[in-house]
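The values are calculated or read from the model by the stated rules, or taken from the named source; none is laboratory data. Computed from a prediction, not measured in an experiment: that's the story for all the values here. FYI the Cβ positions are ideal-geometry reconstructions off the backbone, even for glycines, and counts take in every protein chain you see.
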Amino acid sequence: MRWLGLPALLLLASVAQAVTVDLAWDYDYTTSNPSKFIVYRQEGCTGAAIGFDVVVPTQTFSDVGPFISGTTYCYVVTAANDAGLESAPSNTVAFQVPEERPEAPSNLRGVVR
């Protein structure tokens, strides 16, 4: 599966933020038995997709990024068999990384003259 969009090199010029995204999905094993699930992440929901392999029978995935502050990310999951054939993608889940705020100044002092 390939999504067209902006090159991944743009990640290097942006500020990364420490965020974790926890995903979970359902799968009906009575119809087929995949060898793995593939989680696809798309920066900006239009950029190039990054695929992460998830070993069956796990139906969860935690993505620790890197993520860019203020950017929206979209995820879909597919099931794949040993021959490498993938199912159609799941529904899309999107989230936006909050803008990173600067730290507040501390230890403010003043002198009256």
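Cβ-Cβ under 7 Å, sequence separation 6+ or interchain: first residue in the range 60-81 and under 30 Å from SER32 (Cβ atoms), partner modelled with pLDDT under 90 and assigned to a loop (DSSP other than H, G, I, E, B). Which pairs?
Short answer, once both residue conditions are applied: THR78/MET1.
Tell me, which residue of the range 81-90 that is in contact with a strand residue (DSSP E or B) (Cβ under 8 Å, 6 or more places away or on another chain) and surrounded by 11 or more Cβ atoms within 10 Å (Cβ to Cβ) is nearest to THR20 (Cα to Cα)?
Here the answer is SER90.
Looking for whichever is among the hydroxyl-bearing types (Ser, Thr, Tyr), in a loop (DSSP other than H, G, I, E, B) and either over 11 Å from VAL19 (Cβ atoms) or touching a Lys or Arg at 6+ places or on another chain (Cβ under 7 Å) (or both) here; the options are THR78, THR58. Which one fits?
Just a single option satisfies the conditions, and that option is THR58.
Count, please, the residues in the range 82-113 that happen to be closer than 21 Å to LYS36 by Cα, small (Gly, Ala, Ser) and touching a residue at least 24 places away in the same chain (Cβ under 8 Å).
2
Taking into account only those residues within the range 45-84 that are within 25 Å of THR30 (Cα to Cα) and charged (D, E, K, R), which is farthest from the chain's Cα centre (by Cα)?
ASP82
How many residues, within the range 9-28, are modelled with pLDDT of 90 or more, more than 16 Å from the chain's Cα centre (by Cα) and surrounded by fewer than 10 Cβ atoms within 10 Å (Cβ to Cβ)?
Number of matching residues: 2.
Filter the range 91-104 for residues that are surrounded by 13 or more Cβ atoms within 10 Å (Cβ to Cβ) and modelled with pLDDT of 95 or more and give the result.
Of everything in the range 91-104, just one residue is surrounded by 13 or more Cβ atoms within 10 Å (Cβ to Cβ) and modelled with pLDDT of 95 or more, namely VAL93.
Which residue pairs have Cβ atoms under 7 Å apart, sit 6 or more places apart or on different chains, and have a first residue in the range 31-46 that is within 9 Å of THR78 (Cβ to Cβ) and a second that is surrounded by fewer than 20 Cβ atoms within 10 Å (Cβ to Cβ) and at pLDDT below 90?
Listed by first residue and then by second, the contacts come to PRO34/VAL56; PHE37/VAL56; TYR40/MET1.
Within the range 93-113, track down each residue that is of a type in the set (Gly, Ala, Ser) and in a loop (DSSP other than H, G, I, E, B).
ALA104, SER106, GLY110
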